[in-house]
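Undergrad: Pasting a structure below so you can have a look.
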Amino acid sequence: MRKTCLLSMHELASRDDRVVFIGSDITKRDLERMAEGYPDRFFLEGIYEQHIVGMAAGMALEGKIPYVNTIATFLTRRCYEQVLLDLGMHRLPVRLIGSGGGVVYAPLGSTHLANEDMAILRAIPNMTIVAPCDADEMKRLMPATLAWKDPIYIRLAKGGDRVVSRPELGFEIGCAIPLREGREGLFVTTGITTQLALDAAEQIQQETGRSWGVLHMHTVKPLDVEGLLRTVSGVQAVITVEEHTVVGGLGSAVAEVLMESAVVRKVPFKRIGFPDVFTDEFGSQDDIMGKYGISVEGLKQTARELGKGAGTGFGLQR
Amino acid sequence: MAVKLDRRSIDLRREVVQILERSRRGHIGSTFSLIEITRVLFDDVMRYDPANPRWDGRDRLVFSKGHGCLALYTLLADKGFFPHDELYRFCGFGSILGGHPEYGKTPGVEASTGALGHGLSMAVGMALAARIDRKPHRVFAVLGDGECDEGSVWEAALSAGKHRLASLTAIIDYNKMQSYGPTREVQDLEPFADKWRSFGFAVREADGHDVDAMRSLLTALPFDSGKPGVLICHTVKGRGIPSIENDPSWHHKTKLKESELALLYNELDAQS
């Protein structure tokens, strides 16, 4: 996904002369064509995230579309005020490409884990947050970023994941994609958790005959409220899944919509994600996600537990 | 021996006091230290078109010391960027002039500032964009001295030095007072010029109230054709009102009293 994203920079730069790339302490790997083709719009800079975000804002004020890439933690936490004021308040078309969203850098420990990136950015007015589910979807996302007026945070997951997105369903920033139909329950997912939910839904179907759907919410902000309510009305339970703290991310955003909605009431609901803790383990991404139930088995277990409640009078008012 | 303020400098300060008379609040000492800096930029140095504030050929000014905005607003109104009466709605509900400058609200304001340490990075980005597009305009960033405590200022300085941005000139209002005390006690910046020099800047120093001295330096830019420039302006916080000079309690005032306004007017009148 990272590779696909960075390789696409050359094409974007060739299509649009406003495109500028700024990397902070990264290699030229996968960016060689951009660097050779457009050297005056290619910047490899130092380890100063506050500065590169401000610098990107200055470029954008002059009509450029800067794509800024470094590790997700540093690109969101270290320079939060620059992101909020220089990008959000000015409504500038800067694209923040955060490498290693979630627990991709698991062995490196909590200093390198971006478990709250979406939560803190979601609090910034005018911010857009996109977490594609695979490399193919990344290919569809990148050209769409050229025409988007506001700042975008692009959350990169680990590479090499299998492709589950489908080209015939299209891609539009801010429009959720129903990847699987289901009457009994719905997984609302973002990023690579979509892959887990598709597997879990398939296994639930085969093992119990119950049908669970998957709504892939690649854009966490602005949330596709209409698409969410449309898909939710008709199911008996909703589970959100994210590789992120349950505080303030996708689960919170979906809960806010459901609680305030006049359409849906008392639908059994559960957020799957990291609890309000530092995850405090090393190992692999799968190890840490598995510990907190962000796994195919974890999703099935939560669906089973929620399903019990669904049969006891909770349901939807339509 | 401090240079005497001329008629225009006194008049600009009187305008600021007239604004304060309506708003009853503002960063007074911080504004009075950079009246001459702002005046020289608008009177003698920068290219701009008040009738077309977004004219592409204009020089860019990032007022990173956002709390000194009364100096900026006064000069923008003086040059006709917006109607003069707007000044008297400073900080009011629905005003285009806030307690810190905001992009998109005020003609002539290039970037929203107020949180310190943001402006120099934005100015670096603007200068790099001009270089990409081979445009000849210059970029100026006005910084406060206390602002230079922020690490992000030095991040931007590293980067400006690396890119040899000769079209970029930082101007520092070195009044040696931050909000609650002298910089040498709160956070000493010395050797200040050496710091900038070591980051790759061509450094000049001037009396920041000496219009002629600053004009002669800033009309001969760049200081070095291969380096960004910095002009360290030695100034006095509250300059022009002897009773408030170097008094940190006048850094920012709210609920200004009639007696305080009278003091400001009287001491300005005494110099006219």
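Undergrad: Please find, among B:Glu260, B:Glu267, B:Glu245, the residue that is buried (at least 19 other Cβ atoms within 10 Å of the Cβ), of a type in the set (D, E, K, R) and closer than 16 Å to B:Arg13 by Cα.
TA: After applying the criteria, what remains is B:Glu245.
Undergrad: Counting only residues that are open to solvent by 10 Å² or more (accessible area, probe 1.4 Å) and out of contact with any helix residue (DSSP H, G or I) (no Cβ under 6 Å at 6 or more places or on another chain), how many does region A:215-229 have?
TA: 4
Undergrad: Now a separate question. Out of the residues in region A:63-90 that are open to solvent by 30 Å² or more (accessible area, probe 1.4 Å) and within 19 Å of A:Trp148 (Cα to Cα), which is farthest from the other protein chains (Cβ to nearest Cβ)?
TA: Here the answer is A:Leu84.
Undergrad: Of the residues that make up region A:230-239, is at least one open to solvent by 20 Å² or more (accessible area, probe 1.4 Å) and of a type in the set (Val, Ile, Thr)? Give the derivation first.
TA: Step one: filter region A:230-239 for residues open to solvent by 20 Å² or more (accessible area, probe 1.4 Å), giving A:230-231, A:233-234, A:236.
Within this subset, residues satisfying the condition of being of a type in the set (Val, Ile, Thr) are A:231.
There is at least one residue in region A:230-239 that is open to solvent by 20 Å² or more (accessible area, probe 1.4 Å) and of a type in the set (Val, Ile, Thr).
Undergrad: Let me ask something else about it. In region A:271-292, how many residues are surrounded by fewer than 20 Cβ atoms within 10 Å (Cβ to Cβ) and in contact with a strand residue (DSSP E or B) (Cβ under 6 Å, 6 or more places away or on another chain)?
TA: Within region A:271-292, residues that are surrounded by fewer than 20 Cβ atoms within 10 Å (Cβ to Cβ) and in contact with a strand residue (DSSP E or B) (Cβ under 6 Å, 6 or more places away or on another chain) number 1.
Undergrad: Among the residues of region B:194-205, write down those that are open to solvent by less than 80 Å² (accessible area, probe 1.4 Å) and either of a type in the set (Val, Ile, Thr) or in contact with a Phe, Trp or Tyr (Cβ under 9 Å, 6 or more places away or on another chain) (or both).
TA: Across region B:194-205, the qualifying residues are B:Lys195, B:Phe199, B:Phe201, B:Ala202, B:Val203.
Undergrad: For residues that are within 13 Å of chain B (Cβ to nearest Cβ) and part of a loop (DSSP other than H, G, I, E, B), scanning just region A:17-40, find the one that is least open to solvent (accessible area, probe 1.4 Å).
TA: A:Tyr38
Undergrad: While we're looking at this one, here's another question. Which one of the conditions (1) within 8 Å of chain A (Cβ to nearest Cβ); (2) outside any loop (DSSP other than H, G, I, E, B); (3) buried (at least 24 other Cβ atoms within 10 Å of the Cβ) does B:Thr74 fail to meet, given that it meets all the rest?
TA: Every listed condition holds for B:Thr74 apart from (1).
Undergrad: On to the next question. Name every residue in region B:159-191 that is within 27 Å of A:Ala56 (Cα to Cα), open to solvent by less than 70 Å² (accessible area, probe 1.4 Å) and not polar (S, T, N, Q), in order of residue number.
TA: Here is the first cut: in region B:159-191, the ones within 27 Å of A:Ala56 (Cα to Cα) are B:159-173.
Next, only the ones that are open to solvent by less than 70 Å² (accessible area, probe 1.4 Å) stay: B:159-161, B:163, B:165-173.
The answer is B:Ala160, B:Gly161, B:His163, B:Leu165, B:Ala166, B:Leu168, B:Ala170, B:Ile171, B:Ile172, B:Asp173.
Undergrad: Kindly indicate whether any position in region B:100-115 is within 12 Å of chain A (Cβ to nearest Cβ), open to solvent by less than 50 Å² (accessible area, probe 1.4 Å) and hydroxyl-bearing (Ser, Thr, Tyr).
TA: Within region B:100-115, one or more residues are within 12 Å of chain A (Cβ to nearest Cβ), open to solvent by less than 50 Å² (accessible area, probe 1.4 Å) and hydroxyl-bearing (Ser, Thr, Tyr).
Undergrad: Moving on to the next point. When you look at B:Gly151, is it touching a residue at least 24 places away in the same chain (Cβ under 8 Å), open to solvent by 10 Å² or more (accessible area, probe 1.4 Å), more than 9 Å from every other protein chain (Cβ to nearest Cβ) and small (Gly, Ala, Ser), yes or no?
TA: Criteria not met by B:Gly151.
Undergrad: Okay, next question. Within region A:41-59, track down each residue that is among the hydrophobic types (A, V, I, L, M, F, W, C) and either open to solvent by less than 10 Å² (accessible area, probe 1.4 Å) or within 7 Å of chain B (Cβ to nearest Cβ) (or both).
TA: Within region A:41-59, A:Ile52, A:Val53, A:Met55, A:Ala56, A:Ala57, A:Met59 meet the criteria.
Undergrad: For region A:274-308, which residues satisfy the criterion of being within 20 Å of A:Thr194 (Cβ to Cβ) and in a loop (DSSP other than H, G, I, E, B)?
TA: A:Ser284, A:Tyr292, A:Gly293, A:Ile294, A:Ser295
Undergrad: Here's another thing I want to ask about it. Which of the residues belonging to region B:124-148 are open to solvent by 10 Å² or more (accessible area, probe 1.4 Å), at the interface with chain A (Cβ under 8 Å from one of its Cβ atoms) and in a helix (DSSP H, G or I)?
TA: Across region B:124-148, the qualifying residues are B:Arg131, B:Ile132.
Undergrad: Further, regarding this structure: Report whether or not B:Ala51 is of a type in the set (A, V, I, L, M), farther than 27 Å from B:Ala220 by Cβ and either surrounded by fewer than 18 Cβ atoms within 10 Å (Cβ to Cβ) or free of Cβ contacts under 8 Å to residues at least 24 places away in the same chain (or both).
TA: Yes; evaluated as a whole, the condition is true for this residue.
Undergrad: Is there a residue in region A:143-161 that is on the phi > 0 side of the Ramachandran plot and part of a loop (DSSP other than H, G, I, E, B)?
TA: Checked against the condition, which is being on the phi > 0 side of the Ramachandran plot and part of a loop (DSSP other than H, G, I, E, B), region A:143-161 yields at least one hit.
The values are calculated or read from the model by the stated rules, or taken from the named source; none is laboratory data. Predicted model only: the values in this text are computed from it and were never measured. Glycine gets a Cβ as well: all are built from the backbone with ideal geometry, and neighbour counts include every protein chain shown. We work out accessible area using only protein heavy atoms, side chains counted, and drop any ligands, DNA or RNA first. Shrake-Rupley method; radii C 1.70, N 1.55, O 1.52, S 1.80 Å.
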